[in-house]
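Down below is the structure, laid out as structure tokens.
Bear in mind that the values in this text are calculations on the coordinates, not laboratory data. Quantities reported herein were computed from a predicted structural model and do not represent experimental measurements. As a convention, Cβ positions derive from the backbone with ideal geometry for all residues, glycine included, and neighbour counts pool all protein chains shown.
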Amino acid sequence: MDRTIISELHRTLILLGADCTLLGTVHSWKKSLPDDMVLSGLRHWNEVAVEKLQQRLEGYQAGTDEE
């Protein structure tokens, strides 16, 4: 059942346009990577994604301040 859930999660992420590194991490879960490494990879990916989003928001806010 775990592989079925992971496969469906993988499909969902593809449809949402997920990064190939994230897809690889999810696909490796329960197959070739232990849970702690998957969790660490996901946390790292989330931290990087949040930083990128914050930078984009700061750039947007700086652009609106000039008006």
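Among residues of region 29-42 that are farther than 18 Å from Asp19 by Cα, those with a beta-carbon under 8 Å from a residue that is basic (Lys, Arg) and not in a loop (DSSP other than H, G, I, E, B) at least six positions away or on a different chain give the pairs Lys30/Arg3; Lys31/Arg3. Listed here are the helices (runs of 4 or more DSSP H) enclosed by region 2-67 that have at least 2 residues being basic (Lys, Arg): 2-15, 35-65. When residues of region 12-42 are filtered for being more than 11 Å from the chain's Cα centre (by Cα) and over 22 Å from Met1 (Cβ atoms), how many remain? Within region 12-42, residues that are more than 11 Å from the chain's Cα centre (by Cα) and over 22 Å from Met1 (Cβ atoms) number 1. Scanning region 1-52 for residues that are surrounded by fewer than 11 Cβ atoms within 10 Å (Cβ to Cβ) and touching a strand residue (DSSP E or B) at 6+ places or on another chain (Cβ under 6 Å) yields no hits at all.
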